[in-house]
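**Q** For reference, the structure I am asking about is given below.
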């Protein structure tokens, strides 16, 4: 049973999808495929599974719900969603509950799918090779600072009211101002409104993840566009998406989860590789903004 | 008497104001208890009091009673020796000590009611108005109250008319948004149904294409060997054998063996997509105004196909028991909408894993009967009578406009048919639609 190849588990309610994918992948991976979520959970519990690729709409369970269970049983398994129709609820859940690595759509592009699985497998193989994570490291004394990028000042006011008073909350109304703050110091979390009167916030978030992978991004917006969000998962590894108007409790929980994750990433830098992103296709940002991003990346490397 | 409101400025003012009696106040100067009957008679002649049937007698703000024109006429002016008998006596001897007294804050409607209950007929007196402290404030005229009431009723009717029109408009908008929501659900379901086969079809074809060159070189190398062998050229045979061996090493026979199964799947997938498109075409057929005689079972099959993702999502089994139904004259797209709605509701009502939707058809007394039955959670008895009401929904906010069944009912009724539901909690729900076999012709008589 032991195999040098990484193990990829496939689940879909259409057997033909499984057969097709298995044939595509079997030369490079040990492929286990099933239409039965119970079987999949069984595999994940009983052996190292490096990558799980799940359908979203299945009769017994949604892909997001299954991936969330898999995360509990096997946090090192990389989770990908492969769905026939990206309804907004599924995408939001994929971000907020599934914390998935990639959101892929059917019909898939074979090369892109293989790329995504290869990246995921590489990360998981490294993770499984690491000695099991040391028992929880003591949380840092103070929470890392939080940056709010929103033209609406009320958002920052709300964030301040939700966090302990010793937690620094900085604000910026433009992408450039935000990057200037990010260059000055490391922020644990950036909360960004995706809609901006002049700037490409989405592009900036994607590039920021490349430049400063440790900073977790929480996107919020009254815009609810599934496509944008899929890009933000695949190219920006957005940590949470919150619809606006912001609910206090949801925002509080998202901020605390992000700060906690940031602390984990500081103490276990190897976990950063799980936040690898696809190269964004096009971003409309000025040269100055790109210069900032370069400097932020250099500093992030120094801090690491 | 002049009944035009313009002759009485007080009445319209009442309507514009807070609709309380204050607006009808006539600040009549009251009589004192020491005033004589003769003096009271003279006071009635004052033009300021021309509209009043009665005058108040007030002492230190407290209303003691009212003296009416009617009483003065009967007892004093028309009775023999009436003036001599009563003229010098205090007015209090002839007054009504319990006149109708209303607070200024009383609403016009309440005043109308009290007047109806308290005043005797014929109406011979008006009523006293008192302030918050119970002290005399002025008089109110019964006729003014009636007029104000009339205006208010008219105004209410107008408000109702406005509200009705607004409701009608927003219902129309909601019907549109329900259609859009249905369309959105449909698109989501179809996208999923099409993208799934498309996913493996595309992938299988790509893999086949990638595999073909190695198979091709193997065949070529094989035939080169054959050529060399037939030509009895030992050197060529040697080199072509080497090529054949290389080609065979590059060839993955296991993959090739799977190719047949892969291509079978691919054909199946393409067939599925073609099926879906065909059903979709049936489904979106433009209505030629009830003109078509349609196979009802074809409509049901199409609706089941379209609702497939809903049924599959909940792992629901479907059983169809079709009777003999002649072609039905109807608006097929509308009937589709009804069927889709009923099937969708049935699928959503089931939250266990042995779900079953049964669809039966039969003819009965000139009607085609379609029964859609589920074994879902059922509809509570208190909810059942309301399910066809527009906007009634038990789904969470944002998940239904509450118009689906109301639109179904409208459609069925416009076909001259009927729709009804029976339900038992935890056992399931059955919807029955009856459509006249004669179709549009039967419904010309309302």
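No value in this document is a laboratory result; all are computed from the given coordinates. Since this is a predicted model, take the numbers as computed values, not measurements. Glycine gets a Cβ as well: all are built from the backbone with ideal geometry, and neighbour counts include every protein chain shown.
**Q** Normalise the Cα radius of gyration of chain B by 2.2 N^0.38 Å (N = residues in it) and let me know the number.
**A** 1.98
**Q** For residue A:227 and residue A:114, compute 0.36 nm times the residue count separating them, minus their Cα-Cα distance, and round to one decimal in nm.
**A** Computed gain between residue A:227 and residue A:114 is 38.6 nm.
**Q** Spin-label point model (7 Å from Cα, Cβ direction): what's the residue B:26 to residue B:121 distance in nm?
**A** 2.2
**Q** Which value at 222 nm does chain B reach when only helices count, each DSSP H run of 4 or more adding -39,500 (n - 2.57), with the total divided by all residues and rounded to the nearest 500 deg cm²/dmol?
**A** Helix-only estimate at 222 nm: -16500 deg cm²/dmol.
**Q** Could I ask something else about it? Only Cα pairs within less than 10 Å get springs; with that Gaussian network setup on chain A, which residue of A:61, A:190, A:218 has the largest fluctuation?
**A** A:61
**Q** For a Förster distance of 51 Å, can you work out the FRET efficiency between the beta-carbons of residue B:354 and residue A:130, rounded to the nearest 0.05?
**A** With a Förster radius of 51 Å, E is 0.65.
**Q** When chain A is treated as a GNM, springs tying every alpha-carbon pair under 10 Å, which of A:150, A:87, A:12 comes out with the largest mean-square fluctuation?
**A** A:87
**Q** Turning to a different aspect of this structure: Taking Cα atoms of the stretch B:292-443, Rg/Rh with Kirkwood Rh, to two decimals?
**A** Rounded to two decimals, Rg over Rh is 0.95.
**Q** Also, I was wondering about something else. Taking 25 Å as R0, compute the FRET efficiency from the Cβ-Cβ separation of residue B:173 and residue B:107 and round it to 0.05.
**A** 0.10
**Q** In chain A, what % of DSSP beta bridges are antiparallel (nearest 5)?
**A** 5
**Q** Taking only DSSP H segments of four or more residues, each worth -39500 (n - 2.57), what value at 222 nm results for chain A once the sum is divided by all its residues, to the nearest 500 deg cm²/dmol?
**A** Here the helix-only value at 222 nm equals -14000 deg cm²/dmol.
**Q** Most fluctuating residue of A:208, A:111, A:24 in a GNM of chain A with Cα springs under 10 Å: which is it?
**A** Its mean-square fluctuation being the largest, the pick is A:111.
**Q** Separation between the residue B:46 and residue B:84 pseudo-spin-labels, each 7 Å from Cα along Cα→Cβ, expressed in nm?
**A** A separation of 3.0 nm, rounded to one decimal place.
**Q** Express the Stokes-Einstein translational diffusion coefficient of the stretch B:171-283 in µm² s⁻¹, to the nearest whole number, given a Kirkwood radius over alpha-carbon pairs, 25 °C and a viscosity of 0.890 mPa s.
**A** 136
**Q** In addition: Mean shadow of the protein assembly as shown, computed from the convex hull of its alpha carbons, in nm²?
**A** 57.1
**Q** Something else about it: At R0 = 51 Å, how high is the FRET efficiency between residue B:438 and residue B:210 if r is their beta carbon distance? Nearest 0.05 is fine.
**A** 0.25
**Q** Just want to confirm a number: the relative contact order over chain A, from Cα pairs under 8 angstrom separated by 6+ residues, in percent.
**A** 15
**Q** Moving to a separate point now. Just the projected area, averaged over all directions, of the convex hull on the alpha carbon atoms of chain A: how many nm²?
**A** Result: 15.7 nm².
**Q** Still on this structure, I have one more. Report the label-to-label distance for residue B:270 and residue A:160 in nanometres (one decimal), using points 7 Å from each Cα along the Cα→Cβ vector.
**A** Computed distance between label sites residue B:270 and residue A:160 equals 6.5 nm.
**Q** Report the full-extension gain for the segment residue B:235 to residue B:157: residue separation times 0.36 nm, less the Cα-Cα distance, to one decimal in nm.
**A** Taking 0.36 nm per residue and subtracting the Cα distance, the gain is 17.2 nm.
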